[in-house]
Structures are given as C-alpha cells and as structure tokens.
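Please read the structure below before turning to the comments.
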C-alpha cells in the first residue's frame with residue numbers, strides 16, 4: 001500500500017495516529033488501542049519508501065531530517081485531513097508517527113470538554129497554563145478555547161505553534177497563526193516580535209527555556225492574555241517547573257511575578273471510556289488570594305488542599321474529576337483508580 005492509502009484508511013476509521021516502524025506492520029491507534037494494518041512486517045527499505053512519500057506529499061525537503069535524525073512538521077491533503085508528522089531514526093532505519101488532525105475544530109461538547117473550561121475564553125488578561133503529557137489532548141482543548149474566543153470576542157489572536165495543527169478562520173476576531181521554523185526562527189523571537197503586532201491573545205505552543213518563560217510572564221503583565229503549554233502533570237508540578245527553571249537567586253522574583261499574572265492552570269489527561277471512546281479529565285486551579293500567597297511564599301505543597309476546597313470557585317483536583325466521571329458512568333472504577341494521584345483515598349470515596 002502507498003502512504004496515501006494508509007492515511008485515507010486512518011481517517012475513515014477515526015484513528016488518532018499512524019505508526020511506521022521497521023520490524024512490524026503499519027499500525028494505527030484507534031480509541032486508545034493500537035491495531036495492525038495488514039499482516040506484513042515492514043523492512044527498512046519499505047519504511048524509507050513510505051516516509052519519502054510523506055515528504056513528497058508535504059512538499060518538504062528531507063535534508064534536515066537526514067542530517068539531524070528527526071523532524072517535526074505538518075501538512076494537509078485537501079478533502080481529507082491535516083497530518084502532524086514526527087519522523088525519526090531508530091535502530092538505523094527510518095520511522096515516523098503521523099497524527100491525524102481534522103480540518104474542522106471539534107465541537108467541545110461532543111468531546112466532553114466541560115463548560116467551565118470554555119468559560120476561560122472570557123479571561124481578559126494574565127496567563128492560563130494548559131498542562132499534561134504528550135497525547136493528553138492539550139492541543140485540541142486549546143484549539144476549542146481559541147475558537148471560542150474567536151467567535152465571542154473582538155481580538156487579535158496570535159498563535160505560535162510547532163507545528164500548526166488546527167487552522168482557524170476569522171470570525172469576530174482576527175487570527176494570525178505562525179509556525180516555528182517556517183514563519184519564524186524560534187519561540188522566543190516570535191514572542192518578542194508578536195508583542196509589537198497588537199495582540200490581545202497569544203497562544204504559545206510551549207515554554208521551553210527560562211528566557212521564553214520570563215518574556216511570557218512579562219507579556220502577561222502588560223495586559224495580554226497568554227495561553228501557554230507545559231508538559232507536566234498537575235498544577236503544582238507546572239508551577240514548580242517554571243520556578244525551578246531559573247537559578248536560585250532569581251526564583252523569589254519569579255515566584256512574585258508568577259503569583260501576580262497566573263490566572264488558571266488546567267491539567268488534562270485522556271481516559272478510555274466505557275463506550276470505547278476517549279474521555280478527558282481536567283484538574284482546574286484558579287489563582288485566588290490564598291493560592292497567590294502560597295506561590296509567593298513558596299508553599300506550593302499546600303496548593304492541592306486549596307484546589308480540593310475550591311469547588312465553589314470552579315476548582316477541582318484530578319481525583320475529584322475522576323470521581324465525577326465515574327459517578328456519571330463515563331469511566332470504570334479500575335480506570336479511575338489507575339489514573340488517580342491518591343488511589344487509596346479515591347478508593348474509599350468510590351466505595
């Protein structure tokens with residue numbers, strides 16, 4: 001089969017990813033489970049042929065991939081879908097994972113994003129952090145949030161992404177989408193430049209280094225709404241990651257700045273649902289005066305208790321989210337306990 005046939009089959013079967021790795025057949029992930037596509041094992045010459053076809057479809061030279069050994073990019077096939085590709089080498093052979101991305105922004109209700117997440121679209125300024133591991137659905141949730149802002153507010157939205165996954169059309173807002181290494185050199189230079197482009201909302205695909213983090217915090221201080229991503233689990237870990245990226249002599253200042261600009265931290269994971277679909281679970285922390293003081297005074301270990309007690313303000317821990325999903329019949333008891341931060345405490349509540 002040609003790569004186009006594999007991609008068409010993945011879209012038809014609503015697969016999320018296609019795996020091209022020597023030693024096994026082409027595989028795809030459907031509803032969280034990996035299934036083989038055909039029975040034939042791929043040999044290195046076959047993976048090379050398929051990956052060369054991907055680059056031809058994307059009209060992208062292979063030079064950088066051949067030189068570095070890995071490459072990350074996206075492309076679209078009209079009438080089919082967009083695809084995000086990570087091509088890499090493993091055991092001396094070419095390999096790739098292809099993420100399938102729909103052309104349309106998903107309906108947030110259909111994919112079980114709660115209303116209180118979408119209400120974040122009304123945040124005027126400051127920083128919203130979206131956290132979670134790779135594959136946890138952060139990009140989809142961010143796309144839905146940007147789409148909600150686009151449809152309900154008069155803004156200039158600038159997205160800095162690597163690569164661009166979802167395409168946004170202008171509605172009430174104007175949306176400028178910039179792809180790292182295609183439209184700009186890197187996140188830091190793109191962020192500095194976009195502050196001169198009259199933005200109201202900035203989506204930052206990832207905060208990778210202290211200088212980018214500091215510039216992001218400064219942008220939030222000056223009246224912009226920043227929606228940024230960190231690859232961590234949980235609000236407390238996200239705050240620790242930001243602060244620990246700086247030298248000890250700067251951490252007190254960063255804690256103070258972060259406590260003033262941080263509005264909300266959303267931590268997300270995807271769970272297999274009882275009906276075979278994937279269900280997102282969200283931990284939500286809104287920065288109130290108590291949490292602001294905890295961040296400033298380096299008492300992050302107390303934040304989880306504040307989140308657990310903040311239900312009236314729209315907050316919940318991940319374990320509280322898992323408990324609610326179980327009680328609604330969306331996930332099984334075993335899944336809830338497997339993904340819990342404190343399984344023993346959650347087990348008592350489930351029983």
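Please treat every number below as a calculation from the coordinates, not as lab data. Given the structure is predicted, the values throughout are model-derived calculations rather than measurements. We place every Cβ from the backbone using ideal geometry, glycine too, and count neighbours over all the protein chains shown.
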Rank-order 39-45, 197-203, 275-281 by packing density, defined as the average count of other C-beta atoms within 10 Å over each peptide's residues, highest first. 197-203, 275-281, 39-45
Kindly express, to the nearest 10 degrees and within the range 0 to 90, the angle between helix 138-152's C-alpha long axis and the longest C-alpha principal axis of the chain. 70 degrees
Exposure proxy order (Cβ contacts within 10 Å, fewest to most) of 289, 36: 289, 36
Quick check: the angle from helix 44-58's long axis to the longest principal axis of the chain, C-alpha only, nearest 10 degrees? 70 degrees
Any idea what angle helix 248-261 forms with the longest principal axis of the chain, computed on alpha-carbon atoms, 0 to 90 degrees, nearest 10? 80 degrees
Computed Kirkwood radius, in angstrom, where 1/r is averaged over Cα pairs of the chain: 21.6 Å
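Taking the number of other C-beta atoms within 10 Å as the exposure measure, put 184, 332 in order starting with the fewest.
Neighbour counts put them in this order, fewest first: 332, 184.
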Label-point separation in nm, residue 151 to residue 53, each point 7 Å along Cα→Cβ: 3.7 nm
Counting DSSP beta bridges in the chain, what percent are antiparallel, to the nearest 5? 60 percent
Given the peptides 302-309, 101-108, 215-222, arrange them by the average over their residues of other C-beta atoms within 10 Å, most packed first. 215-222, 302-309, 101-108
Using Cβ contacts closer than 10 Å as the measure, can you line up 187, 326 from fewest to most? 326, 187
Per 0.36 nm of contour for each residue apart, how much would the distance between residue 119 and residue 189 grow if the chain were fully extended, relative to their Cα-Cα spacing? 22.2 nm
Quick one: length gained pulling residue 197 to residue 338 fully straight, 0.36 nm per residue minus the C-alpha distance? 46.2 nm
For the ranges 137-145, 90-98, what's the packing order if you count other beta-carbon atoms within 10 Å of each residue, average per peptide, and put the highest first? 137-145, 90-98
Sorted largest first, extent of segment 1-67 alpha carbons per principal axis (Å): 34, 23, 20
